[in-house]
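One structure is given here, and the rest of the page talks about it.
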Amino acid sequence: MNAVGEISLSSDQDLQHILSLINADIWVKRLVTSRAYGFHHSVAHFEDSLDDGVEGITTYFLGTCVAWCVWVTTQKRNSKFATTKGLIFSQPTKKPLLNTGKPISLKFLDCLEFFRGEFGSSLSLPFVLAVYTFSWIEDDLVNSLDRVRDVIKLTGHGDSVHEPDLEMSMDSQNPMATARKMGATHDIIINASKHVDIVIPLLDYLVRQGATVPKERTSLSILSAVELLRRQVESAGKQCQYLGNRSRNQSEVLFAYLTHEDSASNMKIADASRALAEAASRDTSSMKTVAVWTMAFLPATFLAALFSIPSMGWVEPEKFWVCWACVIPTTIVTFTLWAGITQRRQITKLMRSVREKDPEKGGNIYGHLPSPTR
């Protein structure tokens, strides 16, 4: 590792220029700008060189959710040594990733510094990238396991090792916030599983490439570490499946709890609505009673006021019966009109049902009477 620097790119021309400085193939630019995932590499191609004859140049790309790495290995045919130049593009973010407290670029530089003594082989840089990617995958899984266990303590639904915390029950927490937390944890586990599938092809390529490089101490040390790292990555893949199932189960429990809470709220709303409907029905009955009594006394009140006018000449006691003769029919007509207006639908339905009882008589309600003989 000769030099490490950090630059800021502001345009495609800057990106093209920096890629050309390390002799990277043109296809890498598309992968970087599209933020592609996965491990890709080109077939080694040979070009004429001015100093040492023919060179073999291979371009590599590793894309993850937090950084994209490009490196080029130049192998001179007349030499057993190779030159590796690399670039790492990190997402611009002000928030440190995971619990490291450092941005991705600084975290990667720490990893490079840790393996400084192993940079004597063309396998060194891809090996460090694999270790670096696996390190934050492992951190994600550890954090996810802690979150799943915290939710198990709240829901009480899980293995018997972690009993539910009675002092921190679901009722005292915000179930919606807990559900969002569980959903975010499930996304992190899925993302970790995706990157496990990215690291394994990189490690397999290191094993295949190790058979073609000189068997110096550094290459042998890296190849022996690759086997151990691959087993750890495979174990992380199984851990992703295990945590994915557990987080999914807890999400279902939270969903059932939220559904139960919604049902309880709906029942309370239904009870309140029923109480309001009953109160409204009682108010309607009271208003209807007042209206009926008003109709009953309104004609008599009006006629009494009318007959009390002195100019009408109805003040003699013997003419009192005339008032009742007008009040009773008027009251009957008033109630008849009210029933015809308010109960029109029921009256129409009754008449229709009477007609349908005897269709052969043409709907004559008196059809049961015998026809007169001639």
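Readers should treat all values here as calculations from the given coordinates under stated rules, not as data from a laboratory. In this text the structure is predicted, and so the values were computed from the model without any measurement. Positions of Cβ are generated from backbone atoms using ideal geometry, with glycine treated the same way; all protein chains shown enter the neighbour counts.
Things worth noting here:
- Violating pairs (Cα-Cα greater than 29 angstrom) within the set 181/238; 107/153; 107/181; 85/181: 107/153; 85/181
- In the range 308-355 the Cα-Cα distances spread across 5 Å bins starting at 0 as 5, 17, 15, 13, 12, 10, 8, 7, 7, 5, 1 percent of all pairs.
- Straightening the chain between residue 142 and residue 36 buys 35.5 nm, computed as 0.36 nm per residue apart minus the Cα-Cα spacing.
- Annotation for residue 181 and residue 285: the two label points, set 7 Å from Cα along the Cα-Cβ direction, are 5.2 nm apart.
- A simple count of charges around residue 251, restricted to other residues whose Cβ falls under 15 Å of its Cβ and scoring Lys, Arg +1 and Asp, Glu -1, yields +3.
- FRET efficiency, residue 204 to residue 13 (Cβ-Cβ, R0 25 Å, nearest 0.05): 0.10
- Order by protection proxy (mean Cβ within 10 Å, highest first), peptides 324-336, 246-258, 263-275, 174-186: 246-258, 174-186, 324-336, 263-275
- Length gained when the stretch residue 258-residue 241 is fully extended (0.36 nm per residue, less Cα-Cα span): 3.6 nm
- FRET efficiency for residue 111 and residue 21, using Cβ-Cβ distance with R0 set to 22 Å, rounded to 0.05: 0.45
- Estimated distance in nm for a label pair at residue 275 and residue 135, the labels positioned 7 Å out from Cα along Cα-to-Cβ: 6.2
- Simple spin-label estimate for residue 343 and residue 309 in nanometres, 7 Å along Cα-Cβ: 3.5
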